[in-house]
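Asker: Got a structure here, written out as structure tokens. Questions coming.
The values are calculated or read from the model by the stated rules, or taken from the named source; none is laboratory data. Keep in mind that this is a model prediction, so the values were computed, not measured. When we count neighbours, we look across all protein chains shown, and the Cβ atoms used for this are built from the backbone with ideal geometry, even at glycine. Remember, those area values only see protein heavy atoms, side chains included, never the ligands or the DNA or RNA. Shrake-Rupley method; radii C 1.70, N 1.55, O 1.52, S 1.80 Å.
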Amino acid sequence: MGYKDILNKKAREWSCPDMMESVKDEIPKIPLSSPLLNWLTYGGIPRGRIVELFGEEGGGKSSTAIDLSYNATIEFKREHEEKVQLYRERIAAGKKEYAGPLEDLLDDGPKAVLYWDLEHSFDWAWAKKLGLSKGDIDVAQPGNVGGEEICQAIEDVARTGQVGLIIVDSIPSLVTKAEWEKKYGERTVSSLAGLMTTFMRKMTYVCSENDCTLVLINQTRDNMDNPYVIQTPGGRAIKFYCTTRMYFRKGAPLDFAGNELPMNTENPSGYKINVKLVKQKGAAFDRKVASYYLMAQSGIRPDFDYAKLAVDKYNIVLKKGGWFSMCDPDTGEILSDADGKPVKVQGMLKVYDYFRDNREYYERVKAYINKDINGDQSDMGDIVPEDIEYHYDDNEPAQG
């Protein structure tokens, strides 16, 4: 008996798919709204894997998770519609065996998004600014139950195959039974780390088998032994089993046009969110830092990203002094208006307005930039933040 025969026999005994044939050629992704974050992650958050978003308070972790939820609902609806259409075409071609699966597909609907709000701080008003409406996702706020029960509920939900994205906000908010039973001042030793060790080992298979992405939001803790190395709660198992880990920090304050302001500005219109990719499996690990614009009144602004990329990187919008000329993304020629005059606007704010009022041109600019962002050979080192100081490393202090 050859080794493949042994593996196939074991697969049948274990009631699992073929262990060699189940490996995917390419991991599908859930995109983010920010083009630079999509560039950083080679297309977005991997599906069927575990991802950790960690960082300081106010660093944009939860907002990024909500934005991911918004984009996931779009992806899941699109996939569902395509599958329904495929089944209907096959039934029309005489393959009646697809009638039952089509009925089940219509009953189940698209894959769902479940947000576990363990901090009891989910704000639908803010989520609406990021694109979500009530009914798009499900938000669960469990009461005073042990972390063990919550972890078991998360596993049970993922095993149904009906949920495509689960977000846990946040890991330190999981209170184990041992901690619930203790009085204030009494200590428990590594109860959360022990819980997460078991949880991560189990969920790695459950997520992959059921095409469910698990996003864990985590906090940071100061390291008294080495102030340049920041620790995260939950033990080291999270670091090992996560496919992608992203470190978030609040960057410079912004005015209403996305221009950076002094750090001591009292009433900014938003902040630049800086992100460092700490771990990346399933894609090249040659991209480390990126950022996006998070505005208080309008949420994430991908048009700011695209506009600045068009000016600073791709020369789709040519800058001369305070004037900006619009160019054809494909030919590089400056556009002309109905009178044959070059299309020019004054000030970066007018560039955003032009993109908003000329959607066809904006979509062409986006398509051109996205083609390069998602390509294997793109080089965007000249437009990623150069002034970010990250004091985080799993093994040694960060330099600089």
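Yes/no per residue for (1) at pLDDT below 95; (2) among the aliphatic types (A, V, I, L, M); (3) in a loop (DSSP other than H, G, I, E, B):
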{"position": "ASP107", "(1), (2), (3)": "yes, no, no"}
{"position": "TRP116", "(1), (2), (3)": "no, no, no"}
{"position": "GLU148", "(1), (2), (3)": "no, no, no"}
{"position": "LEU165", "(1), (2), (3)": "no, yes, no"}
{"position": "TYR184", "(1), (2), (3)": "yes, no, yes"}
{"position": "ARG187", "(1), (2), (3)": "yes, no, yes"}
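Asker: What number goes with the only condition from (1) touching a residue at least 60 places away in the same chain (Cβ under 8 Å); (2) within 22 Å of PRO46 (Cα to Cα) that ALA127 does not pass?
Answerer: (2)
Asker: Does ILE30 fit the bill of being surrounded by 13 or more Cβ atoms within 10 Å (Cβ to Cβ) and over 11 Å from the mean Cα position of the chain (by Cα)?
Answerer: Judged against the criteria, ILE30 is not a match.
Asker: Of these, LEU68, LEU36, which one is modelled with pLDDT under 90 and among the hydrophobic types (A, V, I, L, M, F, W, C)? Spell out how you get there, then give the answer.
Answerer: Details: LEU68 fails: modelled with pLDDT under 90.
When all the criteria are applied, what remains is LEU36.
Asker: Name the residues in the stretch 37-47 that are outside any loop (DSSP other than H, G, I, E, B) and open to solvent by 10 Å² or more (accessible area, probe 1.4 Å), would you? Quick ask: steps written out before the conclusion?
Answerer: If we filter the stretch 37-47 for residues that are outside any loop (DSSP other than H, G, I, E, B), which is where we start, we get 37-40, 45-46.
The answer is ASN38, TRP39.
Asker: If you don't mind, there's one more thing I want to ask. If I go through the stretch 236-255 residue by residue, how many of them are assigned to a loop (DSSP other than H, G, I, E, B) and in contact (Cβ under 8 Å) with a residue 60 or more places away in the chain?
Answerer: Looking only at that region, the number is 2.
Asker: Restricting to the stretch 237-283, name every residue that is touching a helix residue (DSSP H, G or I) at 6+ places or on another chain (Cβ under 7 Å) and of a type in the set (Ser, Thr, Tyr).
Answerer: If the condition is that a residue be touching a helix residue (DSSP H, G or I) at 6+ places or on another chain (Cβ under 7 Å) and of a type in the set (Ser, Thr, Tyr), then TYR241 is the only one that fits.
Asker: Next question. Hey, could you check the stretch 115-144 for residues that are of a type in the set (A, V, I, L, M, F, W, C) and touching a helix residue (DSSP H, G or I) at 6+ places or on another chain (Cβ under 6 Å) and say which is surrounded by the most Cβ atoms within 10 Å (Cβ to Cβ)? Steps first, please.
Answerer: Step one: of the stretch 115-144, the residues of a type in the set (A, V, I, L, M, F, W, C) are 116, 118, 122, 124-127, 130, 132, 137, 139-140.
From the residues that got through so far, the ones that are touching a helix residue (DSSP H, G or I) at 6+ places or on another chain (Cβ under 6 Å) too are 118, 127, 130, 132, 137.
Values: LEU118: 19, ALA127: 23, LEU130: 20, LEU132: 21, ILE137: 20.
Per the stated criteria, the residue is ALA127.
Asker: Just one of ILE91, ILE66 is open to solvent by less than 70 Å² (accessible area, probe 1.4 Å), more than 20 Å from the chain's Cα centre (by Cα) and among the β-branched types (Val, Ile, Thr); which is it? Steps first, please.
Answerer: Numbers: ILE66 fails: more than 20 Å from the chain's Cα centre (by Cα).
Only one candidate passes the filter, namely ILE91.
Conditions (1) open to solvent by less than 20 Å² (accessible area, probe 1.4 Å); (2) closer than 26 Å to ARG356 by Cβ; (3) touching a Gly at 6+ places or on another chain (Cβ under 9 Å), marked per residue:
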residue	(1), (2), (3)
PRO262	no, no, no
TYR271	no, yes, yes
ALA290	yes, yes, no
LEU294	no, yes, yes
ILE300	no, yes, yes
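Asker: I'd like to know if the stretch 316-328 contains one or more residues that are within 30 Å of ARG236 (Cα to Cα) and under 28 Å from the mean Cα position of the chain (by Cα).
Answerer: The initial filter retains those residues of the stretch 316-328 that are within 30 Å of ARG236 (Cα to Cα), namely none.
Within the stretch 316-328, none of the residues are within 30 Å of ARG236 (Cα to Cα) and under 28 Å from the mean Cα position of the chain (by Cα).
Asker: Between a residue in the stretch 161-185 that is free of Cβ contacts under 8 Å to residues at least 60 places away in the same chain and of a type in the set (Lys, Arg) and any residue that is assigned to a loop (DSSP other than H, G, I, E, B) and open to solvent by less than 10 Å² (accessible area, probe 1.4 Å), which pairs come within a Cβ distance under 8 Å, given they are 6 or more apart or on different chains?
Answerer: Listed pairs, sorted by first residue: LYS177/GLY146.
Asker: OK, next. Can you tell me which residue within the stretch 256-278, out of those that are of a type in the set (D, E, K, R) and in contact (Cβ under 8 Å) with a residue 60 or more places away in the chain, is nearest to ARG47 (Cα to Cα)? Outline the logic, then answer.
Answerer: Of the stretch 256-278, the ones of a type in the set (D, E, K, R) are 260, 266, 272, 276.
Filter once more, keeping what is in contact (Cβ under 8 Å) with a residue 60 or more places away in the chain: 272, 276.
Details: LYS272: 27, LYS276: 20 Å.
Restricting to residues being of a type in the set (D, E, K, R) and in contact (Cβ under 8 Å) with a residue 60 or more places away in the chain, the top hit is LYS276.
Asker: Okay, next question. I'm trying to understand the selection: among the residues of the stretch 310-368, which are exposed (fewer than 14 other Cβ atoms within 10 Å of the Cβ), in a helix (DSSP H, G or I) and not basic (Lys, Arg)?
Answerer: Within the stretch 310-368, ASP312, ASP353, ASP357, GLU360, GLU363, ALA367 qualify.
Asker: Being open to solvent by 70 Å² or more (accessible area, probe 1.4 Å) and at pLDDT 95 or above is the filter; apply it to the stretch 190-209 and report the residue that is nearest to TRP14 (Cα to Cα).
Answerer: LYS202
Asker: Continuing with the same structure: Which condition does GLU97 not pass, out of (1) among the acidic types (Asp, Glu); (2) open to solvent by less than 10 Å² (accessible area, probe 1.4 Å); (3) at pLDDT below 95, if it passes all the others?
Answerer: Here GLU97 clears every test but (2).
Asker: Continuing with the same structure: Identify all residues within the stretch 210-235 that are free of Cβ contacts under 8 Å to residues at least 40 places away in the same chain and open to solvent by 50 Å² or more (accessible area, probe 1.4 Å); write none if there are none.
Answerer: Correct list: ARG221, ASP222, MET224, ASP225, GLN231.
Asker: Identify, by number, the condition in (1) surrounded by fewer than 22 Cβ atoms within 10 Å (Cβ to Cβ); (2) at pLDDT 80 or above that LYS24 doesn't meet.
Answerer: (2)
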